Amino acid sequence: MADPSSYRPKPGQIPDSPGVYKFRDEHGRVIYVGKAKSLRQRLSSYFQDLAGLHPRTRTMVTTAASVEWTVVSTEVEALQLEYSWIKEYDPRFNVKYRDDKSYPSLAVTLNEEFPRVQVMRGPKKKGVRYFGPYAHAWAIRETVDLMLRVFPVRTCSAGVFKRSAQIGRPCLLGYIGKCSAPCVGRVTPQEHRELAEEFCDFMAGRTGAYIRRLEQRMHDAAEEMEYEKAARLRDDIEALRRAMEKSAVVLADATDADLIAVAEDELEAAVQIFHVRGGRVRGQRGWVTDKVEAVDTAGLVEHALQQLYGEEKGDAVPKEVLVPALPDPVGPVGQWLTERRGSRVDLRIPQRGDKKDLMATVQRNAAQALALHKTKRASDLTTRSRALEEIAEALGLDSAPLRIECFDISHLQGQDVVASMVVFEDGLARKSEYRRFQIKSFEGQDDVRSMHEVVGRRFRRYLAEQQKAGEWSEENAVEEDGDGPVRTEDDRPKRFAYPPQLVVVDGGQPQVAAARRALDDLGISDVAVCGLAKRLEEVWLPDDDDPVVLPRTSEGLYLLQRVRDEAHRFAISYQRSKRAKTMKAGPLDAVAGLGETRKRALIKHFGSVKRLRAATVEQICETPGIGRKTAETIAAALAATAPPAPAVNTATGEIMDDAEE
């Protein structure tokens, strides 16, 4: 635990101007990011008597080892920089809203020549129009099925579209009238794009004018006694109305707004968002977070606004945002939203009428989400805490191992030997910290030697990081082994920078001894090591002749098994990917400096490797992008890897020669 006075800036050193500040721990990791109208006043508040600080703030300042800041000209710039740094550094003491699931959205790929309507999840892509998010993918598909009768936009994948274009026949949707079949030229690209844009306009809430236009066309067709056409239009209108009924009218004035509600207790907070477009609820989503910093409702709302609109622009930011409490101050946040939308955004608390009633509904959803989350997580938190305590007790550790790293070796009969490192923090997998290795120091199969190499390489990188940070003595310093940069260009620690409390290896006594020897060689004595043998799920410790046997019902054993199995899975997936690349290798892969683009150009020009091998240097030079020197290298490499003479069937005289692909 650090003393905040040890890194407190000197009096007068902190500027009295707007800015953003970062607290770092002893390993250089950013643990908290904040903004302030006055850096001097805000930072001074962190260095008062610890007894007067909020418990979470006290934990943060005693975990930190340094503080730094960046001055900006306006509070809006501070808001933008704070959001960027939180996204970049993922500080552990900042509120981070996590989607409780990946919500699906209805997407129209307007960036393609023939736009496609589909269900999409994950980050948004440029040039794609999104509607939602929705609670369930089936709700999107039901809506789209009704809409395709009126707006027959393409919904097929690129492979199906290409196949239909090749054979000159549309898919089933084209035959039943739910696709305009641009793949076979029934409509031009421009006509199909107009259909997609009409689809988007209708989904965006501009429904009334379009339905009135269809009704007028239906009446005109009936007057002209085109009863079949009138009947089709009638059915189209009914389909659109059924699609509209799936999202009830909640605001009669056709408002475009997002409503944000927060339910919280001392430890956690849940946020619910209703997306209202054209007066109808078009999407709903929710997040739950741990309150790891001292923050009130207004602060939670501000964090939610950053999460919601930090990556959005234009119409994705609505004209009106209704919240339960306004950020303090509200001006910079409102200006930031306005800049992202490109026009005025009204950020306010609803006071009366339909909007206040709808906000109450959103608030009830938030309260229910928090209650459900606490019900689910109560047992989970208890289980993980008990598992870590059981591991600490069984292995004789001073405290629970909050960070566990596990190593595993994988190979196929001594070939493509690789290793994996997986990381669990607080009993949960932290996949962004996973790493994988290729065994470099020797050839062949030797799991013990491989384990020694991998553990040594991982902790040499850690010591190199400590040396750069000035936290390791010169006699213990070691050189890097060529695994890549320890820090990025802006000197941020990125890989292998943080030590675990426990190293787990997949194996028994020999593997554990190898890992311990690697740590001893580097002078590291404060990291515990154990191994988990698959045969009887025994836990082995260094220098112990007998294993530690945990009960089969032990949560600690279950956690160790999960860690070991995850390392095994990660190692096998890497080993298989390397093997697949090796099996796909061809004669051209042996040509130094020949990339994938020029390989494809050569195969396209000659048709096969066999014809390329028979070509002269001058003929190879005719390929676009291939110069004479490269052509000579290619010819020499192919000649060196020429296949043996073809076999001959002595009975028939037939040459048994398979053409190379």
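Highest-first packing order for the peptide set 622-630, 364-372, 148-156 is 148-156, 364-372, 622-630, based on the mean count of other beta carbon atoms within 10 Å.
Give me the percent of DSSP beta bridges within the range 256-385 that run antiparallel, rounded to the nearest 5. Of those bridges, close to 75 percent are antiparallel. Here the contact order of the range 49-167, divided by its residue count and restricted to Cα pairs under 8 Å and six or more residues apart, works out to 18 percent.
Given their separation in residues at 0.36 nm each and the Cα-Cα distance between them, Tyr175 and Lys87 gain 26.9 nm when the chain is fully extended.
Too long at a 20 Å Cα-Cα cut-off: which of Lys319/Lys356; Lys125/Lys178; Lys125/Lys162; Lys319/Lys355; Lys440/Lys578? In this structure, Lys125/Lys178; Lys125/Lys162 exceed 20 Å between Cα atoms. Placing pseudo-labels 7 Å out from each Cα toward the beta carbon at Leu412 and Glu198 gives an inter-label distance of 5.4 nm. Along the range 621-638 the Karplus relation, 6.51 cos²θ - 1.76 cosθ + 1.60 evaluated at θ = phi - 60°, assigns HN-Hα couplings of 5, 6, 6, x, x, 10, x, 5, 4, 5, 4, 5, 4, 5, 4, 5, 5, 5 Hz to successive residues, with x for each Gly and Pro. Subtracting the Cα-Cα distance of Lys629 and Arg611 from 0.36 nm times their residue separation leaves 4.5 nm of extension gain.
Between the range 333-386 and the range 519-551, the C-alpha centres lie 47 angstrom from each other. Using the Cβ-Cβ distance between Asp49 and Arg364 with R0 set to 35 Å, the FRET efficiency from 1/(1 + (r/R0)^6) comes to roughly 0.25. As a calculated quantity, the FRET efficiency between Gln619 and Ile167 at R0 = 25 Å, using C-beta atoms, amounts to about 0.10. Ranking of Trp85, Trp69 by solvent-accessible surface, largest first: Trp69, Trp85 (1.4 Å probe, protein heavy atoms only, all chains present).
Grab the beta carbon distance between Arg234 and Glu142, set R0 = 22 Å, and tell me the FRET efficiency rounded to 0.05. It comes to 0.60. Approximating the spin labels as points 7 Å out from Cα along Cα→Cβ, the Ala639-to-Asp265 distance works out to 8.0 nm.
Counted over the range 1-158, the DSSP beta bridges are approximately 95% antiparallel.
Figure note: Lys431, Lys291 ranked by solvent-accessible area, largest first, 1.4 Å probe, ligands and nucleic acids not counted: Lys431, Lys291.
Of the DSSP beta bridges with both residues in the range 499-573, give the percent that are antiparallel, rounding to the nearest 5.
45
Segment Arg213..Arg600, full-extension length gain: 134.1 nm, with 0.36 nm per residue of separation and the alpha-carbon distance subtracted.
The values are calculated or read from the model by the stated rules, or taken from the named source; none is laboratory data. Everything quoted here is computed from the prediction, not taken from an experiment. Note that we place each Cβ from the backbone using ideal geometry, even for glycine, and neighbour counts take in every protein chain shown. The area values use the complete protein model at the heavy-atom level, side chains included, leaving out ligands, DNA and RNA. Shrake-Rupley method; radii C 1.70, N 1.55, O 1.52, S 1.80 Å.
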